[in-house]
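The values are calculated or read from the model by the stated rules, or taken from the named source; none is laboratory data. The model shown is predicted, which means the values in this text are computed figures rather than measured ones. Cβ: placed from backbone, ideal geometry, glycine included. Neighbour counts: every protein chain shown. For the accessible areas, the whole protein counts, side chains as well, though only heavy atoms, and no ligand, DNA or RNA atoms are used. Shrake-Rupley method; radii C 1.70, N 1.55, O 1.52, S 1.80 Å.
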Amino acid sequence: MRVLGIESSCDETAAAVVTEQGEVLSDVVRSQVALHAPFGGVVPELASRDHMRAVLPVVQEALSRAAVSLHEIDGIAVTNRPGLMGALLVGVQVAKGLAFGADKPIVGVDHLVGHLLAAFLRGSDAPEVPSFPFIALVVSGGHTSIYRVDAPFAEGIRELGGTRDDAAGEAFDKVAKLLGLGYPGGPIVDRLAASGNPAAVDVPRPMPGAQSLEMSFSGIKTFVASHVARVGPPKQDGALADLCASFQSAVVDTLVRKTVAAARRERIGTIVVGGGVAANRGLRAALQRACAAREMHLVVPAPSRCTDNGAMIAYAGALRLARGDRDGFDLGVSTTSSLPRTTRRGGGKR
Ligand code: KG4
Ligand code: ZN
């Protein structure tokens, strides 16, 4: 089965052709980063308009790189939640038009399920695929949660804990912004942190309670803001690298500690990571160390599979199509995920 996947939930217009075995026949990602960079964040209306310009050429390129015509594919998968309403609508309406015109089945895919299953995509640089059940950390600009995954469908995925406030990627982006580093901040902080001393600034670790799988990242961001207000912005490159490394290690420590605690609690030996922040070198190295020390098995997709892409959506959709799922032309969009949240924003027991 060859499935066309379309992704337009945020600031990447992406399309891919993938088989139900996870073989990636094509994977085209067109980023809007340059468009939003002057504003220091994604501007929803600009995102929708740019998706409209880009989506058909991106789909055409995905089909041509896979050397298939629209008529030769077996179905269409499209991200229909969660994300920016206007941005999602562009992908979903195009998917419906193509499905109607070529008489192909269509399924909606939850973007988070896509990130959770990116580890199953095959390619030259792909590690071995995980086996069920596994613990998954999805850590991106909009989401930070830990899941127990028993099956590759929304009903087989349960949130064990998540952030109560900012997503980890959001904290990276906001810290980079307040340090005047540009957008998106994650990759820039990652690069700077590589040459810094993570112990230079004593950034507090939020919600250290061993029992809780809930996380919080807005306090770390506020700590960095008040540190800069108190001592002034870093004047030398070394001080900037140290501050980035100290901030990053506080985020990474929290993510690793909570993910390992979840695996222990559920007595599961396999950990999978996904989402844009999973491209972070500090996080990848810390997870490798933590898993090796506990004889846990870690599966981390290639960085290009961690950030938003169409291949993960095509694959998640292929599994739905293969078991007979179909959505109608009344398929709607939503700003929220279909995966039930157990973590509420704000207070609670630590
Ligand atoms: O999954 P993604 O591409 O889009 C969302 O669904 O949000 O994630 C984007 C987020 C941004 O916050 C970006 O700064 C962060 O992932 N990110 C990183 C790195 N690469 C991307 N954060 C830390 N280190 C990186 N290398
Ligand atoms: Zn994402």
Distance from segment 265-303 to segment 156-227 (C-alpha centre basis), Å: 17
Nitroxide proxy distance, nm - points 7 Å out along Cα→Cβ at His297 and Lys177: 4.1
Theoretical FRET efficiency, 1/(1+(r/R0)^6), r = Cβ-Cβ of Asp150 and Asn197, R0 30 Å, to 0.05: 0.15
Value of Rg to Rh for segment 131-300 (Rh from inverse mean 1/r over Cα pairs, i.e. Kirkwood): 0.98
Hz values of 3J(HN,Hα) by residue in segment 232-238 - Karplus curve (6.51, -1.76, 1.60), Gly and Pro given as x: x, x, x, 8, 10, 4, x
Segment Glu45-Arg345, length gained on full extension (0.36 nm per residue, minus Cα span): 105.4 nm
Bins of 20 Å, starting at 0 and running to the largest distance - Cα pair percent for the chain: 32, 57, 11, 0
Point-to-point label distance, Arg158-Ala34, nm (Cα→Cβ direction, 7 Å offset): 4.7
Average accessible area per residue (Å²) across segment 131-300 - probe 1.4 Å, nucleic acids and ligands excluded: 40
5 angstrom amide H check on Glu23, placed H, neighbours 5+ away: Arg122
Sulfur and carbon atoms: percent of accessible area, the chain [1.4 Å]: 53
Segment 17-170: radius of gyration and largest Cα-Cα distance (Dmax), Å: 16.7, 45
Residue among Gly83, Gly141, Gly180 with the largest mean-square fluctuation in a Gaussian network model of the chain, springs linking Cα atoms under 10 Å: Gly180
Modelled FRET efficiency - R0 30 Å, Phe132 with Arg289, Cβ distances, 0.05 increments: 0.75
Accessible-area value, Arg326, 1.4 Å probe, nucleic acids and ligands omitted, Å²: 130
Solvent-accessible surface ranking, highest first, for Arg164, Arg284, Arg230, Arg122 at 1.4 angstrom: Arg230, Arg122, Arg284, Arg164
Amide hydrogen neighbours beyond the local backbone of Arg164, cut-off 5 Å, H modeled: Met215, Ser216, Phe217
Longest segment of the chain lacking GluC sites (Glu not before Pro) that sit in a DSSP loop with at most 12 other Cβ atoms within 10 Å: 129-294
